[in-house]
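A short write-up of the structure that comes next.
The values are calculated or read from the model by the stated rules, or taken from the named source; none is laboratory data. None of these values were measured; they are calculated from a predicted model. Don't worry about glycine lacking a Cβ; one is built from the backbone with ideal geometry, like all the others, and counts go over all protein chains shown. With ligands, DNA and RNA removed, areas are computed over all heavy atoms of the protein, side chains included. Shrake-Rupley method; radii C 1.70, N 1.55, O 1.52, S 1.80 Å.
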Amino acid sequence: MYQLLAHLTAHPQRLARVRRFGGWLPQQLIIALTWPLALGLYWGVPRLRRHLQRNLVYVLIDGAWLWRTGICMRYLQHLLLLLYEVMIGIDRLATEQVVLEGTEHIEAALAQGRGVILYTPHQGNFFYSYWRLAQHYNCLTVGTAGSPELRPLYEHFNRLGCAGFDYDATSPRELIRGLRQHLKANGVVFLLGDFWRPNFPEASFFGLQSRTPQGAATFALEDNVPIVPCYSVREGKRHRLICEEAIHLGRSFSRQQRREATDELNEWMASVISDNPSQWLYWFNCQERWEGHDLRLQEQSVGQVLHA
């Protein structure tokens, strides 16, 4: 995926030409075109098909062959649509149907005066969801724009009013201080909890040993910041960001229980992803994030499921 991004973002003139042409195509036509493209990728690239099937079975385990195949093909269509939207269709973002649902939970949390963390996985078009939030609230987020493939996309969204910190270019102390000041000013922080880095703290995710950030749990336990879980879903031409009732981790965990609090948030994320697995971004490389991951054991376990 990053190679595809680099093919366009590394050449601004090429990207501008593609935007001029692709930006005129009707959205319904784009949706229609991505389906045969997804089918072609899935059935025409056996290595990709086996890779997605391995990751899906390793994480979700059960499910019939037809169920897994449908998820993988819909995932590829979603990925193609996401790439189109953030690279080409972004210039007509103001006309997109991006709906916020459950904003009463955000308002109730802000009424406490400690700011609010919106906690979400990389699901649906999370870029569009954050853009819509930024139209209504004083928002900050944390991204990873250090990659040369991704930086032009983040810079474009920043120009559209989507403010945030670059994790790769900001020291941990400065990052924590900036987010804490924003929360103390009763701001909204949009955190994607399923980021993975090998230096993140240990955590459980999908019942597997992994590493995820603990920032949300830290602010919740140390500063009593409420967390509003939310998730993005794509429904045809419409995008929805669905916000749920606030979680107050300080009522269940002590300050020393950041790992346990993070695991609870991760369990919620896993349940949301499991309910709509075809729209989670990371099926293409999630094998990198499992601690003690052994590809041979994964292939053996996948083989047992596929031949059951």
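Show the residue pairs meeting these rules: Cβ distance below 6 Å; 6+ apart or different chains; first residue within the stretch 195-210 and farther than 18 Å from Ala261 by Cβ and in contact (Cβ under 8 Å) with a residue 24 or more places away in the chain; second residue of a type in the set (Phe, Trp, Tyr) and buried (at least 16 other Cβ atoms within 10 Å of the Cβ).
The qualifying pairs are Leu208/Trp290.
Just to be sure before I move on: is Ile71 farther than 21 Å from Ile227 by Cα, of a type outside the set (Phe, Trp, Tyr), out of contact with any Asp or Glu (no Cβ under 7 Å at 6 or more places or on another chain) and touching a residue at least 40 places away in the same chain (Cβ under 8 Å) in the structure I sent?
Against the criterion (farther than 21 Å from Ile227 by Cα, of a type outside the set (Phe, Trp, Tyr), out of contact with any Asp or Glu (no Cβ under 7 Å at 6 or more places or on another chain) and touching a residue at least 40 places away in the same chain (Cβ under 8 Å)), Ile71 qualifies.
Kindly indicate whether any position in the stretch 218-238 is in a strand (DSSP E or B), charged (D, E, K, R), crowded, with 20+ Cβ neighbours inside 10 Å and within 22 Å of the chain's Cα centre (by Cα).
Within the stretch 218-238, one or more residues are in a strand (DSSP E or B), charged (D, E, K, R), crowded, with 20+ Cβ neighbours inside 10 Å and within 22 Å of the chain's Cα centre (by Cα).
Show the residue pairs that are 6+ apart or on different chains and have beta-carbon atoms under 8 Å apart, the first residue being within the stretch 159-180 and farther than 16 Å from Leu192 by Cβ, the second being of a type in the set (S, T, N, Q) and at pLDDT 90 or above.
As it stands, the answer is Gly161/Gln135; Ile176/Thr218; Gly178/Thr170, since those pairs meet every condition given.
Would you mind stating whether Ala108 is surrounded by fewer than 20 Cβ atoms within 10 Å (Cβ to Cβ) and either under 24 Å from Glu222 (Cβ atoms) or under 15 Å from the mean Cα position of the chain (by Cα) (or both)?
Yes; evaluated as a whole, the condition is true for this residue.
Within the stretch 60-75, which residues are of a type in the set (A, V, I, L, M, F, W, C), open to solvent by 10 Å² or more (accessible area, probe 1.4 Å) and within 21 Å of Asn266 (Cβ to Cβ)?
Leu60, Ile61
With the requirement that a residue be out of contact with any Cys (no Cβ under 6 Å at 6 or more places or on another chain) and either under 18 Å from Pro121 (Cβ atoms) or part of a strand (DSSP E or B) (or both), what does the stretch 243-254 give you?
Glu244, Glu245, Ala246, Ile247, Leu249
Counting just the residues of the stretch 255-266 that are free of Cβ contacts under 8 Å to residues at least 40 places away in the same chain and in a helix (DSSP H, G or I), which one comes out farthest from Val116 (Cα to Cα)?
This residue is Glu260.
Which members of the stretch 78-109 meet the condition of being touching a Phe, Trp or Tyr at 6+ places or on another chain (Cβ under 8 Å) and either part of a strand (DSSP E or B) or without any contact (Cβ under 8 Å) to a residue 60 or more places away in the chain (or both)?
The answer is Glu85, Val98.
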